[in-house]
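As structure tokens, the structure follows; a few thoughts come after it.
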Amino acid sequence: MYRFMLLACLWLSLGSAYGFPKPFYRLLGNVVDAESNPMPFAVVVLFSMKDSAMVKTEVCDESGHFVFEIEPNVQQAYYLNVSMVFYESYFSSPIELNAEQSQINLGTIKLKSSSNNLNEITIHGKKPFIERKSDRFVLNVESSILANGSSAFEMLEKAPGITINYLDAIVMKGKTGVVILIDGKQSPLAGTDLANYLKALPSNSLDRIEIISNPSAKYEAAGNAGIIDIRLKKDQRFGTNGSVSANYGQGIYPKAGIGLNLNHRTKYFNLFGSSNYSFRKGLNKLLLYREFFENGKSTGAYDQQNYLVFPFHYNTIRLGTDYYFPNGKTILGVVASGSINRFKPHGENNSNVENALHEKVSSFETSNRSSDLWPNYAFNFNAKHSFDSLGTELTLDIDYARFWNETEQNFLTKYYDLKKEPIKQDYYLYGDLNGILEIRSLKIDFNKSIFKHWKMEAGIKSSIVDADNDLAFYDKSNLLPVYDSTKSNHFLYQENINAAYLNYHYEKTKLSVQAGLRVEQTIAIGKQIVNENSFDREYTNLFPSFFVNYAVKPTYDMGFNISRRLDRPHYQQLNPFKFFLDPSTYKEGNPFLNPQYSWVLEWNHSILKNYNISVSYTNTKDNITEVIGPVEGQDRITVQTNENLLKFENISISGSTNINILKNWSSMINVSSWLGKYRGNFANTSLQDGNIVLNLSSNNSIKFEKDWSGEFSLSYQTPEVYGFMKLETMWGINLGIQKQFLNKKASIKLSATDLFWTNLPKANIQYRDYFERFVVKRETRVVSCSFNYRFGNTKIAGSRKRVSGAEDEKKRASSGQG
């Protein structure tokens, strides 16, 4: 496969160099407004002078440039029509192409304003909450009433094919290892840390969420399950504009937030910024029954209830500027962002101890009083230069990010007999946890249209990551604290990843082909100071990808793609620290995890541009799987950690459609089904298990009179096998209503999520010498009210997309921030 892809890329390169495609005629130009500002996304249509038949349509790029490439079959005359909302249409004089003049530059076309009061015009169009595009699902967060007052984490729970398991891990069509990007930048958090970060990130700061099941070679090789890109709000309309928002929600505990977004755009500068504050008090009630065995016979059990409350105070700020050079070809930008997440989890754990006959013989109670501070900041410098109007572009991104945490843990455990009398000394465990993570990266991308229908993409990237996590635990049961070396650790980690990719695109009327190859070199060094364990790894891998789409007929498109993917362990998964629930239960990283490798195949169909069907197959080796089980050599101690299972296979089929049930009632329906099969070994137990899972979701929008609208959604998922775990059925119903006023610049939304409090994880875990059953009650049922007001200039200009060079590293760091 590697040799085939290398030869294919080489063949395409040589073909481009020697020019095997036929020559073609070219029309090019650029569109500006009356003040000579570029007009991105202006629509340019080419017509035949002979019969006014439409020949071709193009859309201007960010610099206002457009180009037409025309088959030289017949020498004839043409004319152009240029249109843009709020501007008068432009019609050109006749244009003649012939062998002597195969390329014509029409120069600058100026559009005249169709109104002297553009600032007073308001755009009434609204995107659907869920859009199905050729390669991804898009959740337009601002379009959803149900998004009101919620978090990014809660929005992901509403996404088609996405589930959140009992560990707060994100699962896409039965596959873990989903890559989370924030504005195209991969966050360095993982696991619980990522879940807590997303729970604190308010939905009013989000623009959209993009779900990509099988990315091309241009993306990082990570993510066998796919990529979820969370895009924050930004605005590039000319003049000054922005929005303010506020929300309040009530479940068992209150939630509230307030946000401000501002943007000022001139001819050469764009200044933007946002600030958000959210307070969210939530709960995690864990009902847990654990039984231990020896030679098939029960030796005793724990019947436990753990009630954890965690209030988040989350502040974030983002500032940036872009400078547009007068030549219209170069853009420089700087973005700075930072956030502080403060939370003080406090919980009570009550455990009844049972003997082999399931009789209660004693109990213990653990109180948790902890304090966490998780700040971070990041800087991005970006540059883009357009060499011509044919799409030849060079982009540069330089990134620096720093994450750190200061955590203090206090666990006090009391032991009682059946009469509630103390039976041994109280155990007081104190933890002082400090961690620092620094990321530096450089990324360069180059795009070029080579010949007619051909486009090349190439790029390089290098990143350096340093992590220093120091965990000290002390036994403070007596007057003097005693350092506990069995629980303490100091873990140092260094990582350098170097990557390069090459992509070729071929696109004609009915056929689109893309072939790519990515190479990544990884150098990783890890060292545990306390026990002096260490590892030193270096490996280089090739990641080919191939995509083809064909319009069989106007009502039916078909596509196929295949790619090889890599998932490296998140930094938190490698971190060997222990995080305790009580003296019998803790979570621990595994510094000796290996990366997992996957082949992903997809076969996609689009019927009548509205019915989408996708069939996929994934084969993963050394699958990184979250497991909970007994600790070997310790009596009745349970650990939650990650292990490399031997193999994981996933076959899935999914379908989506948008239908109009009534005149003002539209429904997006998504159906997914998958079979995931695991093979591996853990806790002296061999695993070879899997099952067929069905996931259904429907998001419905209803328009009423006088600017009222409503929304309701339903979700349902059948039982699922995840590793050694068997999860039970989950379902939920959400409702919302909205009123717009002040010429649709302001809105009030009221919503209720998970009305019957049923969208909760329940599962059984079975090993040779261990059984566990649990129910996790999260605060999924919340009633919320929010207010949003948009102000300033509403004249449209295209927004500039920024994708920094630290996507993969930031995701691996943020797969865990809480």
Would you check if there is a residue in the stretch 474-497 being closer than 30 Å to residue 618 by Cα and of a type outside the set (A, V, I, L, M, F, W, C)? yes
So which of 563, 545 ends up being within 25 Å of residue 621 (Cα to Cα), touching a helix residue (DSSP H, G or I) at 6+ places or on another chain (Cβ under 9 Å), open to solvent by less than 30 Å² (accessible area, probe 1.4 Å) and not hydrophobic (A, V, I, L, M, F, W, C)? 545
Within the stretch 738-781, residues among the β-branched types (Val, Ile, Thr), over 18 Å from residue 703 (Cα atoms) and open to solvent by 10 Å² or more (accessible area, probe 1.4 Å) come out as 753, 758, 775, 780
If I go through the stretch 670-698 residue by residue, how many of them are closer than 27 Å to residue 710 by Cα and crowded, with 18+ Cβ neighbours inside 10 Å? 4
Taking the condition of being part of a strand (DSSP E or B), open to solvent by 40 Å² or more (accessible area, probe 1.4 Å) and over 30 Å from residue 407 (Cβ atoms), how many residues in the stretch 292-338 meet it? 8
Filter result for the condition that a residue is outside any strand (DSSP E or B) and under 27 Å from residue 180 (Cα atoms), over 494, 514, 572: 572
Residue 351 vs. criteria open to solvent by less than 40 Å² (accessible area, probe 1.4 Å) and either modelled with pLDDT under 90 or part of a strand (DSSP E or B) (or both): yes
Residue 280, sole failed condition from (1) among the charged types (D, E, K, R); (2) farther than 20 Å from residue 581 by Cβ; (3) part of a strand (DSSP E or B); (4) open to solvent by 30 Å² or more (accessible area, probe 1.4 Å): (4)
Among the listed residues 509, 522, 540, identify the single one that is part of a strand (DSSP E or B), of a type in the set (Ser, Thr, Tyr), at negative phi and in contact (Cβ under 8 Å) with a residue 40 or more places away in the chain. 522
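Could we say that residue 131 is part of a strand (DSSP E or B), modelled with pLDDT of 75 or more, within 34 Å of the chain's Cα centre (by Cα) and surrounded by 15 or more Cβ atoms within 10 Å (Cβ to Cβ) here?
So residue 131 does not fit the description; no.
Suppose the filter is open to solvent by less than 40 Å² (accessible area, probe 1.4 Å) and modelled with pLDDT under 85; does residue 514 pass it? Lay out the reasoning, then the answer.
Working: open to solvent by less than 40 Å² (accessible area, probe 1.4 Å): yes; modelled with pLDDT under 85: no.
No.
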Here the qualifying pairs (Cβ atoms under 8 Å; residues six or more apart or on different chains; first in the stretch 587-606 and touching a residue at least 60 places away in the same chain (Cβ under 8 Å) and small (Gly, Ala, Ser); second assigned to a loop (DSSP other than H, G, I, E, B) and open to solvent by 30 Å² or more (accessible area, probe 1.4 Å)) come out as 606/134
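The values are calculated or read from the model by the stated rules, or taken from the named source; none is laboratory data. Given the structure is predicted, the values throughout are model-derived calculations rather than measurements. Here Cβ is always computed from backbone atoms with ideal geometry, including for glycine, and neighbour counts include all displayed protein chains. We work out accessible area using only protein heavy atoms, side chains counted, and drop any ligands, DNA or RNA first. Shrake-Rupley method; radii C 1.70, N 1.55, O 1.52, S 1.80 Å.
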